[in-house]
Amino acid sequence: MEVYAAGPLLELNKAVPSFDESGLPPVPFSMKVMPGDCMVVEARDVGHATMFADLCSGLIPLDDGSVRFMGLDWTELGDRELNALRGRIGRVTHRASWPEFVPVHLAIVLQQLHHTTRPIDDLVQDAANLAERFGLPGLPTENPSFLPEDDLLRASCARAFLGQPHLLLLEDPLEGGPAELSNSFLAAITEARDRGAGVIWLVRNNAVWQEYRQGITATWRLADDGLVAVRMG
Amino acid sequence: MSSEEIIDPTVQHDASVRRVLLHMVLPFVLIIMTVGAIAWVGINSYRTTSEGVSVLTRELMEATQQYIGQEVGDYIAPSAAGNLIAGGMIEHAPPLVSDKVFYSYGSVMLQKIPQLQSFYLADDQGNFTLITRSPDKGVQDRERLVVGADGKKSFHHSLFNEAGQKLREFETPAGEYDPRTRPWYKNTEKKDSIQWTQPYLFPSDKQFVMTSSLRFKRDDGHEMVFATNISLNELSAFLDKIKIGKTGSAMIVDANGRVIAGRNLMQHAEAAGWDPNKMVLDPKTYPIFALGYDHYRVRGFGPKHVEWDGKTYIAMASALPRYSQGWILLIVAPENDFGSFAHQSSRQSLQFAGIVTVFSLTLGALYIRQLRRTEAGNRRLAVQQSQLAQESGALQQVAIAPNLFDPSAEPLAITEQLAQVTGARRASLWRFLHDGAAMVCDDTYDRTQNTHSGGFEMGREELGKFFDAIEEGTPFSVSNAATDERTTRFERLVMREVGTHALAVYPVHGPHGALGMLALEEPVMLPHLLYFVELMASIAGTRFAAQSAVEAQQTTSVENTALAPVQAFGAPKSDNLLMHAEEMAAVTGASIYPSVAVLVVSFADPVVEGSKETATLIALINQLATQVQTVAQEEQLFAVEVAGHRMICMAGCTTEPDPTALFRLANAALKMRETFMGALAAADLEPVFTMGMDYGPAFGGAVGQSPTVFNLWGQTVSLAELMAESAIDPGTIQVTERVYANLRDRYLFRSRGAFFVPHLGLGRAYTLAARR
């Protein structure tokens, strides 16, 4: 991955999401994520957190304002470019995102297979390393319904970090997940930031990220009046 | 864009749309418009030409028709007009000279007008005189009907030459001939205009003849009839000769459809048995004339288009002028005869349009090609400009690097910029040591990982050919370093770990030969980059020279320093085995154990904040270690090895398979888990350990010499470690499929699923729960 250094990695500029399409409050959202930043966004509502991640990924139509990722406005791109640009984003989401007809190992490497020309052997090697790193004994080959929830969360992390994405939209895998995932998750975040990736960590409560508080760039709260900056005491 | 990405999202799609519009659609539209314009002009031209041809054809036909009409009129006129003149002359001449007038007139007319055959003069008293051509050339036969003394009628013939001299006289019998009974006489009855008889044939000389006659009253009160025989053969010959278009022809028919004159008249007459009444237009003989005649009967005079045998003809029917008694002139000509030049013109227009179209297409293709070349040139220019900018930026980065020439500072900027500019996966800087006996890596930059490393050393003994190639001082590059004998060893030692194949080597020159090298793995070496690489090599050369000077000073100071005596390491007081079986003493060398059961216990690092807690923790660890020793001895394990926060328990380290080893180790694992849980719970701690087991062949034995220690390694140990590291929950024992397969009858397991591990393959993981 080449480090993007031409400005903010992600920029929400008074972006007003369509309420009909997202359920997010139709108020201007403004935020800037620079390469290497880690933003914690506190969202009580899991659905809102997912929608906010969608907003950052250009999946939600805007009533006003703009969302730019790597300097490109989502609304100004064609479908092919949109999809290619989303290939640079890694996501952990609470929305059901494991297709039942695809085994987990394939679902993990699918995104990279689709967007890049990387050889499958390399991808499998990287995916297996990430899987082991997140506490799996290898790359899971079962269908998603046969895997325990904790292992699916681990696989989600492996999928999100595969391919060294520029932006990570992480709906907190730690809360309710296995405790030992915490170390590898935080280590992976740190490593991604070191190589220039931006991280938006969507959490439900404060407790989860306290362990990493020194590494957080800024904290925000997703409230009815939009994104509110939270003072880090 | 990453080189691995299929689509570059930063390239705007609308630019390509514009390009497609400019490159493909615009020329295409222009060509279509050009071709359309040519086609439109061609069609219009064709229509105009066709209309013109049609008008021209009609006019030509009309002109021809007028001409033929005129000719026919002229042909007949001597007969009809002659009747009037001769009639007038004879009418008022004294009776005694009327014969002379008649003969004079007839003689001159027969000499001058070839179509006239003969003249008759008869009166109401039955007198009859005739002048005609004799069968002998230039001789005229003057006949008179005479009644002999015996009352018999005879024709008195007097033959005259052209000079008017009588040649001889003779008589021929006339039978009962009476001119008043002849049709030409009778049809003038009570009429004072010229009357025509039906055409009739003279089979003797095969002449079709018609007779025009005029009745007049002489001054003495007698009525006379003057008649002229006119041959139609000459008219047919005229019609035969006349050219209408290329292959057109004309025919004269009367109002009843009988052929009066036309081509092949004699054959037609012969076919009709020399009966003029049977010489009608036969569709078999004259199909197109018959069609034209039918059209005339239905639609009247004028030009008509008729089709016969897939060919279009123009058939024109027109009335002939006066004296002709309702004769109809039929003209038939193929349309092509008149329109062929129009077709030729159309064909030429088509060819012209084709040529213009081909030219347009060629021009369009050239235009597209030129545009693409221009664009490709612009792209190359942009790439070169960006490369120039990149190189300038890289040079600037190198230039502003602090202490660039200071050998004690790491040359990070050089390797980084080399990798960035050349697109190499890795760029490394190597320096000769010990007068070329070895080479050390000052810095390696991995572009994909964005990491630096260094400090590796290679000896000339291992890479002699590689060293020689560098010392030759010439840059070289190989596409597959593994197959080139100069670089094979280098590839194995350095490149294989990252899987690179192509290698470019640039020796770093000093005043006395090569000082080292720049190595680029998987570079995209463009010719113009060479100067940048050489510039970097020069900078590196300066650094290496400075480094050599520093090292020379250091060597001197070291040599001056007295070497301290080397202290021999004493034998270790204990090894890292928490417990070992007595059999271990008998182990002398390393060997393969076919069925080793390995249990790895991994502890998480506890968080300790105070000295009191530290003491408690140490006591707890000690307690756990003691309990492990107890369990190990109870279950007769082979050894328990501790290393940091890991503990490796092993059983079955024998060259012969030990079938009970796995059961003993599983029992030990369950006991240890129970013991650990109890002890940790007593200390109010969460279960901070995970356990993993595998069973299979492993390498093991005594290694080293003073001290000699026992070690076990191999895939079984690695897998047991992997199982411990990836156990689903703290305090659980995760085992491999091999363990499950051997223990499933005696122990309870919970499946975790199937997993793939590169180089090991697919396997399942289970959690060992309890004994059955």
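The simple Förster model, with R0 at 51 Å and r as the Cβ-Cβ distance, assigns A:ARG213 and A:PHE146 a FRET efficiency of 0.85.
Only Cα pairs under 8 Å and 6+ residues apart enter the sum, and on that basis the relative contact order of the stretch B:75-232 stands at 25 percent. Across the stretch B:41-100, the convex hull enclosing all Cα atoms gives 54 Å³ per residue. Expressed in Å, the radius of gyration and Dmax of the Cα atoms of chain B are 66.0, 193. Peptide A:130-137 shows a mean partner chain C-beta count of 6 within 10 Å per residue C-beta.
Electrostatic tally near B:ALA681: other residues with Cβ closer than 13 Å to its Cβ, Lys and Arg +1, Asp and Glu -1, net -2. On the beta carbon distance between B:ALA552 and A:ASN206, with R0 = 60 Å, the FRET formula returns roughly 0.45.
The eigenvalues of the Cα gyration tensor, multiplied by 5 and square-rooted, give the stretch B:577-771 an equivalent ellipsoid with semi-axes of 25, 22, 15 Å from largest to smallest. Rounded to the nearest 500, the 222 nm mean residue ellipticity of the protein assembly as shown from helices alone is -13000 deg cm²/dmol, with -39,500 (n - 2.57) taken per DSSP H run of at least 4 residues.
Extension gain, B:ILE85 to B:ASN622: 0.36 nm times the residue separation minus the Cα-Cα distance gives 176.6 nm.
Taking the convex hull of the alpha carbon positions in the stretch B:599-670 and averaging its projected area over all directions gives 5.1 nm². Please say if the stretch B:310-443 is rounded, prolate or oblate, where rounded means a/c under 1.5 for a ≥ b ≥ c the square roots of the C-alpha gyration tensor eigenvalues, and otherwise the choice is prolate for a/b larger than b/c and oblate otherwise? Prolate. Once the Cβ-Cβ distance of B:PHE28 and B:GLU462 is raised to the sixth power relative to R0 = 56 Å, the FRET efficiency obtained is 0.30.
With Cα atoms defining each centre, the stretch A:56-71 and the stretch B:20-87 are spaced 72 Å apart in the structure. Kirkwood Rh and Cα-based Rg: tell me the resulting Rg over Rh for the stretch B:401-556, rounded to two decimals. We get a ratio of 0.93 for the stretch B:401-556. Under Stokes-Einstein, with the Kirkwood radius over Cα pairs as Rh, the value for the protein assembly as shown at 4 °C and 1.567 mPa s is 31 µm²/s. For chain B, relative contact order (Cα pairs under 8 Å, six or more residues apart, normalised by length) works out to 7 percent. More than 27 angstrom separation, counting every C-alpha pair in the stretch B:75-232; what % is that? So the pairs more than 27 Å apart make up 17 percent of the total in the stretch B:75-232.
Here the ratio of the Cα radius of gyration of the stretch B:230-359 to 2.2 N^0.38 Å is 1.31.
For chain B, the longest principal axis of the alpha carbon atoms and the long axis of helix B:335-400 meet at an angle near 20°.
Straight Cα distances below 20 angstrom link B:LYS191 to the lysines B:LYS217, with same-chain residues fewer than 8 positions distant left out. Scaling the Cα radius of gyration of the stretch A:20-131 by the globular reference 2.2 N^0.38 Å produces a ratio of 1.20.
Farthest towards the positive end of the charge dipole of chain B, among the residues B:PRO507, B:LEU599, B:ASN256, is the Cα of B:ASN256, using unit charges on the Cβ of Lys, Arg, Asp and Glu. I'd like the orientation of helix B:287-299 relative to chain B: the angle between its Cα long axis and the longest Cα principal axis, in ° from 0 to 90, rounded to 10. With rounding to tens, the tilt is 80 degrees.
Sequence-distant contacts, meaning Cα pairs under 8 Å at least 6 residues apart, place the relative contact order of the stretch B:577-771 at 24 percent. Note on B:755-763: average number of Cβ atoms from other chains within 10 Å of each residue's Cβ is 6. Of the Cα atoms belonging to the stretch A:1-49, the radius of gyration and Dmax stand at 13.3, 37 Å. Peptide packing: for B:672-682, B:90-100, the average count of neighbouring Cβ atoms within 10 Å per residue gives the ranking B:672-682, B:90-100, highest mean first.
Distant-in-sequence amide contacts of A:TRP220, defined by a placed amide H-H separation under 5 Å and a gap of 5 or more residues or a different chain, comprise A:VAL40, A:VAL41, A:GLU42, A:VAL230. Computing Rg and the Kirkwood Rh from the Cα coordinates of the stretch A:10-230 gives a ratio, Rg/Rh, of 0.95.
Coordinate-derived values only; no laboratory data. Please read all numbers here as calculations on a predicted model, not as lab measurements. Glycine also receives a Cβ, built like all others from the backbone with ideal geometry; neighbour counts cover every protein chain displayed.
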